[in-house]
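First up is the structure itself, then whatever we jot down about it.
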Amino acid sequence: MNYTHHPATKGLGPIGTAQQKLSGLVMHTALLMSEQGLPLGLTSQAIWARPPKRPRRSAEARRKLPLEAKESAKWLQALQQTRAVVPPEAQLITIGDSESDLFALFDLARALGTELLVRAAQNRSVCEPEVGRLWEVMGRQAVCGQLQVVVSARKGKPKRQALVTVRFAPVSLKAPQHLRKTMGDMPLYAVLVQEEAPPRDVSSPLCWLLLTTVPVDSFADAVERIRWYGLRWQIEVYHKVLKSGCGVEKAQLASVERLLPYLALLSIIAWRLFWMTLLARHAPEAPCTLVLAAHEWRALYAFHHKTHQVPARPPTVGQVVLWIARLGGFLARKNDGPPGVTVLWRGWQRLSDIASAWLTFHPS
């Protein structure tokens, strides 16, 4: 969270690179989703300021530090907190990017009886069923099928379709040398997703090597794991909602102590907006009472239709989300597509005032 433009705020720490000289806070959030990608809430969130001057250590010295002394410990804490709030009868699969490729995280997941799906970053040693390094072992596996994958737009490049090959295999990873006294080999399943013939204008072909505790025994299993990993992008969208939609980086508060409760509150609001936006796409015919209180939908209906009479039957989620978006400036033209979170945030702020006025004039 970048607050460089608010230098008077006390307690901020460095973010970004040393050359950028940015200041702010670091946030690590665990977003709970359904298998269809509907955001269900937050299970863990840590926010902290880095110390102004961190000691310089060699790569070897950093490697020998206990995980609890590194920022990487956030992954273990988030996993523990998530496991504690999700009912044990639900299958919980934690999805992480390459930063979460921590041997200790797999060991903790095994101890907690939960599942993981992470993108590999380390070329670890494989001891079974083949001996070698992870990338080389997976490159020797037979192609089990091909798949079309959507690649998001990035750095001036438009969204595109990529044709990838898929390989999978069970692997047993050897613990890093400094952990072998406390951790044994780790049996996992690996899925290699590779774009082998990219278009000429693509400099970075798609290549994911996924590691998971969930069994992969067929091409269909591998495709499902790939689809699950595609849901990881939802956490990026959530943080965009928080920053671009809710504008949390515009807060002009005097200290980090005041920023923290503000960020906690806006994090819940951002989730609700994100959830409501996607719920309107997943279940547009559902009753709006799922997302609005009785006085909110009645006030919204009366304001939108310019009437004093409201129906006994509540409108649908799809209808009220469109009306809220219109309050935020959404034009709903034929080719506009569904409303996004920014217009919903603006509309939600207006609805709050409209709903308060409704309660004033309709106290019963």
(message) Can you find a residue that is within 20 Å of the chain's Cα centre (by Cα), at pLDDT 95 or above and charged (D, E, K, R) anywhere in the stretch 207-218?
(response) no
(message) The conditions are (1) open to solvent by 50 Å² or more (accessible area, probe 1.4 Å); (2) among the β-branched types (Val, Ile, Thr); (3) part of a helix (DSSP H, G or I), and Thr82 fails exactly one of them. Which is it?
(response) (1)
(message) One residue is enough: does the stretch 267-279 have a residue meeting the conditions in contact (Cβ under 8 Å) with a residue 40 or more places away in the chain, surrounded by fewer than 16 Cβ atoms within 10 Å (Cβ to Cβ) and not in a helix (DSSP H, G or I)?
(response) no
(request) Identify the residue in the stretch 280-289 that is part of a helix (DSSP H, G or I) and out of contact with any Phe, Trp or Tyr (no Cβ under 9 Å at 6 or more places or on another chain) and, among all such residues, is farthest from Ser352 (Cα to Cα). (result) His282
(request) Could you run through the stretch 77-136 and say how many residues are β-branched (Val, Ile, Thr) and over 19 Å from Leu42 (Cβ atoms)? (result) 3
(message) Give me the strands (runs of 3 or more DSSP E) completely within the stretch 102-188, filtered to those with at least 2 residues that are open to solvent by less than 80 Å² (accessible area, probe 1.4 Å), small (Gly, Ala, Ser) and closer than 15 Å to Thr212 by Cβ, ordered by residue number.
(response) 160-173
(request) Considering only residues that are hydrophobic (A, V, I, L, M, F, W, C) and open to solvent by 50 Å² or more (accessible area, probe 1.4 Å), look in the stretch 3-21 and name the one that is modelled with the lowest pLDDT. (result) Ala18
(request) Find all pairs meeting these conditions: Cβ atoms under 6 angstrom apart; at least six residues apart or on different chains; first residue within the stretch 337-359 and free of Cβ contacts under 8 Å to residues at least 40 places away in the same chain; second residue open to solvent by 40 Å² or more (accessible area, probe 1.4 Å) and not polar (S, T, N, Q). (result) Val343/Gly329
(request) Report, by residue number, each residue of the stretch 31-56 that is assigned to a loop (DSSP other than H, G, I, E, B), crowded, with 16+ Cβ neighbours inside 10 Å and not aliphatic (A, V, I, L, M). (result) Gly37
(message) Suppose we keep only residues that are closer than 22 Å to Pro287 by Cβ, open to solvent by 50 Å² or more (accessible area, probe 1.4 Å) and of a type in the set (A, V, I, L, M) within the stretch 305-364. Which one would you say is farthest from the chain's Cα centre (by Cα)?
(response) Ala312
(message) Being more than 18 Å from Ser44 (Cβ to Cβ) and not hydrophobic (A, V, I, L, M, F, W, C) is the filter here; which residues of the stretch 223-246 pass it?
(response) Glu224, Arg225, Arg227, Tyr229, Gly230, Lys240, Lys243, Ser244, Gly245
(message) Residue under question is Leu292, and the condition is that it be open to solvent by less than 50 Å² (accessible area, probe 1.4 Å) and either more than 18 Å from Trp345 (Cα to Cα) or part of a loop (DSSP other than H, G, I, E, B) (or both); does it hold?
(response) yes
(message) With the requirement that a residue be within 24 Å of Glu35 (Cα to Cα) and touching a Phe, Trp or Tyr at 6+ places or on another chain (Cβ under 7 Å), what does the stretch 103-143 give you?
(response) Leu105, Leu116, Leu117, Arg119
(message) For the structure I just gave you, tell me whether Val191 is open to solvent by 40 Å² or more (accessible area, probe 1.4 Å), at pLDDT 90 or above and among the β-branched types (Val, Ile, Thr).
(response) no
(request) Kindly check whether there is at least one residue in the stretch 210-227 that is assigned to a helix (DSSP H, G or I), open to solvent by less than 60 Å² (accessible area, probe 1.4 Å) and either within 23 Å of Gly24 (Cβ to Cβ) or polar (S, T, N, Q) (or both). (result) no
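The values are calculated or read from the model by the stated rules, or taken from the named source; none is laboratory data. Computed from a prediction, not measured in an experiment: that's the story for all the values here. Virtual Cβ from ideal backbone geometry, glycine too; neighbours counted across all protein chains shown. Side chains included, ligands, DNA and RNA excluded: accessible areas come from the protein's heavy atoms. Shrake-Rupley method; radii C 1.70, N 1.55, O 1.52, S 1.80 Å.
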